[in-house]
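Trainee: Sharing a structure, written as structure tokens. Questions coming.
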Amino acid sequence: MSAPPAPLLFAPSESHGIGLRIAAAAGIALAPLEERSFEEGEFKLRPLVSVRGHTAFVVQSLGGSPQASIAQRFIRLLFLLCGLRDAGASSTVAVVPYLAYARKDRRTQTRDPINTRYVAQLLEATGVTRLVALDVHNPAALDNAFRIGVDHLSALPMFASHFAQRLRSEDFAVASPDVGGIKRVQLFRELLQRQLGRDIELAFVEKRRTGGTVSGGTVVGQIAGRAVIVLDDLCASGGTLLRAAAQLREAGAAAVHVAVTHAPLAAGVAALCAADSIADITLTDSTGLALQPPPASAAVELTVLPVAPLLGQALARMTSGAPVSDLLERWPVPDR
């Protein structure tokens with residue numbers, strides 16, 4: 001019996017950089033695409049190699065940029081997946097390091113849209129076989145929205161290895177900036193406790209939103225005199241994290257370290273870098289945003305952890321039939 005055709009990996013130009021890094025980590029060459037732009041924003045994406053009988057992976061992060069908005073990136077992903085299916089690919093896999101529109105996953109007001117479900121319906125209409133995503137806002141909601149398989153990857157093991165090395169000798173706690181992120185922080189805490197072999201305090205900051213107004217601010221947990229790692233999946237404007245950092249310092253935290261997976265807006269990162277209440281910030285490059293280091297005069301240190309090794313290993317495991325779930329347990333500190 002002959003071996004199945006080798007998998008192919010494609011990335012549109014707006015995700016070409018992260019696509020190259022993922023391809024290198026997966027041991028797959030990035031396949032060539034013809035890309036043409038026409039008047040009024042129309043475009044054409046055509047694979048320049050035969051895809052018939054191959055599994056085709058498409059890397060597209062949905063973080064907006066001056067070159068391509070979130071909506072443009074999403075429609076280009078949809079069209080490329082459709083084109084690969086029409087060209088004879090045996091299966092298609094969407095690899096989306098940052099999945100936009102995922103925060104609106106339920107109705108909180110009358111006639112509210114459920115954007116997560118609409119994203120799922122549009123992707124499924126392309127005939128895509130599987131979705132690979134990183135630290136989605138609500139994994140359970142995404143599972144319920146999709147009828148195809150979804151591989152949920154997480155940056156938590158990377159963050160845990162990073163902070164286990166950096167704060168090994170310190171007495172620190174972990175905190176969620178709001179009640180909704182407690183489960184995520186609990187998982188992060190468990191990873192850290194296994195790596196360090198000691199108990200770590202868990203805390204959260206109370207937050208209420210009514211009619212667009214945010215209130216609350218009570219800190220729950222024993223954080224006085226301790227360094228605190230505030231963990232979140234997303235930093236857009238930075239408001240939630242800035243508010244949490246200020247409340248934690250007011251409650252007696254010795255220092256506040258911010259860790260966040262997705263940073264789709266440069267302005268949000270800049271706001272964190274300018275905050276006196278934050279000691280340092282650790283992000284990933286999931287959105288493809290070109291993050292600028294803070295000025296030399298700033299006291300805030302910015303660390304960016306690459307996601308390509310994680311996604312590349314996931315693709316290699318999918319290709320070989322090995323379990324992807326092993327990547328959720330432990331991750332080495334990346335070279336910097």
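The values are calculated or read from the model by the stated rules, or taken from the named source; none is laboratory data. Predicted model only: the values in this text are computed from it and were never measured. Glycine gets a Cβ as well: all are built from the backbone with ideal geometry, and neighbour counts include every protein chain shown.
Trainee: Name the one entry in 105, 112 that is without any contact (Cβ under 8 Å) to a residue 24 or more places away in the chain and on the phi < 0 side of the Ramachandran plot.
Mentor: Among 105, 112, only 112 is without any contact (Cβ under 8 Å) to a residue 24 or more places away in the chain and on the phi < 0 side of the Ramachandran plot.
Trainee: Examine region 201-221 for a residue that is touching a Pro at 6+ places or on another chain (Cβ under 6 Å), modelled with pLDDT of 95 or more and closer than 28 Å to residue 169 by Cβ, and state whether such a residue exists.
Mentor: Applying the first criterion (touching a Pro at 6+ places or on another chain (Cβ under 6 Å)) to region 201-221 yields 205.
From the residues that got through so far, the ones that are modelled with pLDDT of 95 or more too are none.
No, the conditions are met nowhere in region 201-221.
Trainee: If only one of 119, 95 is crowded, with 21+ Cβ neighbours inside 10 Å and under 16 Å from the mean Cα position of the chain (by Cα), which one is it?
Mentor: 95
Trainee: If I go through region 1-60 residue by residue, how many of them are in contact with a Gly (Cβ under 8 Å, 6 or more places away or on another chain), crowded, with 20+ Cβ neighbours inside 10 Å, hydrophobic (A, V, I, L, M, F, W, C) and not in a loop (DSSP other than H, G, I, E, B)?
Mentor: 8
Trainee: Which ones in region 264-278 are free of Cβ contacts under 8 Å to residues at least 40 places away in the same chain and within 21 Å of residue 158 (Cβ to Cβ)?
Mentor: 268, 269, 272, 273, 278
Trainee: In addition: Specify which of the listed residues (111, 103) is more than 20 Å from the chain's Cα centre (by Cα), modelled with pLDDT under 95 and not in a helix (DSSP H, G or I).
Mentor: After ruling out the rest, the residue left standing is 111.
Trainee: Still on this structure, please answer the following. Restricting to region 155-170, name every residue that is within 14 Å of residue 135 (Cα to Cα) and buried (at least 23 other Cβ atoms within 10 Å of the Cβ). Show your work before the answer.
Mentor: Going residue by residue through region 155-170, those that are within 14 Å of residue 135 (Cα to Cα) are 155-159.
The answer is 155, 156, 158, 159.
Trainee: Condition check: part of a helix (DSSP H, G or I), closer than 24 Å to residue 283 by Cβ and in contact with a Leu (Cβ under 9 Å, 6 or more places away or on another chain). Does residue 94 satisfy that?
Mentor: On the way: part of a helix (DSSP H, G or I): no; closer than 24 Å to residue 283 by Cβ: yes; in contact with a Leu (Cβ under 9 Å, 6 or more places away or on another chain): yes.
No; evaluated as a whole, the condition is false for this residue.
Trainee: Which ones in region 40-78 are within 30 Å of residue 320 (Cβ to Cβ), in contact with a Ser or Thr (Cβ under 7 Å, 6 or more places away or on another chain) and not small (Gly, Ala, Ser)?
Mentor: Across region 40-78, the qualifying residues are 54, 55, 58, 59, 60, 78.
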